[in-house]
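See structure below.
The values are calculated or read from the model by the stated rules, or taken from the named source; none is laboratory data. Please read these numbers as outputs of a predicted model, since none were measured by experiment. We place every Cβ from the backbone using ideal geometry, glycine too, and count neighbours over all the protein chains shown. Just so you know, the surface numbers come from the protein's heavy atoms only, side chains and all, with ligands and any DNA or RNA stripped out. Shrake-Rupley method; radii C 1.70, N 1.55, O 1.52, S 1.80 Å.
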Amino acid sequence: MEKWFEVDGLETERLLAEWHWLCPSRFSLVARNVFGELFLKDETGSVFWLNTTTGELNKASNSHSEFLGMAETAEKRREWFVEHEALTYGLRGLVPGSTQCIGFGVPAVFAEGGTPDTAFIADIYEYVSFLGDLHRQIASSPDGSKVRLRVSPPRPDLK
């Protein structure tokens, strides 16, 4: 089994705590990539890709079995699991553990963000929650807008 399907120890509700504005349905976690992007199955069995980098939720497949089949293709492994980037960051020593992901000092959603020199190993709950709050704040801003962000201390229930 590929490492991105090893999600049994992760708490879906905790990961989605700051994403309810975008993910109001009940989901279960079926996969993730090294950057903390999540693949979520809804109650009908459809699988959605929560792209925490761009702040978007998109339907990936109509069923879990269809998702698993698609995940075996080179195209989807490149798109969803960013295999090349994962390998490149791994060679730099950035190999996340089961409750970690690769984060960036300046998030990749910003023009200056997502660069290798600001990459670090982050707690997946804290980083995914941070990105959920960030994307909620900028969701209605047009691309290229200047934004002022408010960063709150981490919620105690996310630690």
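Using beta carbons and a limit of 9 Å, which pairs, at least six apart or on different chains, have the first residue in segment 127-145 and open to solvent by 30 Å² or more (accessible area, probe 1.4 Å) and the second one in a helix (DSSP H, G or I) and not charged (D, E, K, R)?
Short answer, once both residue conditions are applied: SER145/ILE138.
Only one residue in THR115, THR99, THR88 is within 17 Å of the chain's Cα centre (by Cα), among the polar types (S, T, N, Q) and either more than 25 Å from GLU11 (Cα to Cα) or open to solvent by less than 50 Å² (accessible area, probe 1.4 Å) (or both). Which one?
Result: THR115 is the single residue among THR115, THR99, THR88 that is within 17 Å of the chain's Cα centre (by Cα), among the polar types (S, T, N, Q) and either more than 25 Å from GLU11 (Cα to Cα) or open to solvent by less than 50 Å² (accessible area, probe 1.4 Å) (or both).
Would you mind telling me which numbered condition in (1) open to solvent by less than 60 Å² (accessible area, probe 1.4 Å); (2) closer than 26 Å to ASP133 by Cα LYS59 fails?
Of everything listed in (1) open to solvent by less than 60 Å² (accessible area, probe 1.4 Å); (2) closer than 26 Å to ASP133 by Cα, LYS59 misses just condition (1).
Just name the residue that is farthest from PRO24 (Cα to Cα) out of those in segment 114-151 that are among the hydroxyl-bearing types (Ser, Thr, Tyr) and part of a helix (DSSP H, G or I).
Ranking the candidates gives THR118 first.
So how many residues does segment 8-28 have that are open to solvent by 10 Å² or more (accessible area, probe 1.4 Å), assigned to a loop (DSSP other than H, G, I, E, B) and not aromatic (Phe, Trp, Tyr)?
11
How many residues does segment 126-146 hold that are modelled with pLDDT under 85 and of a type in the set (D, E, K, R)?
Here the count works out to 2.
Go through PHE48, PHE39 for me and flag whichever is aromatic (Phe, Trp, Tyr), under 14 Å from the mean Cα position of the chain (by Cα) and closer than 30 Å to ASP117 by Cβ.
Going through PHE48, PHE39 in turn, the sole match is PHE39.
Going by what's in this entry, would PHE104 be described as surrounded by 12 or more Cβ atoms within 10 Å (Cβ to Cβ) and under 15 Å from the mean Cα position of the chain (by Cα)?
Yes, satisfied.
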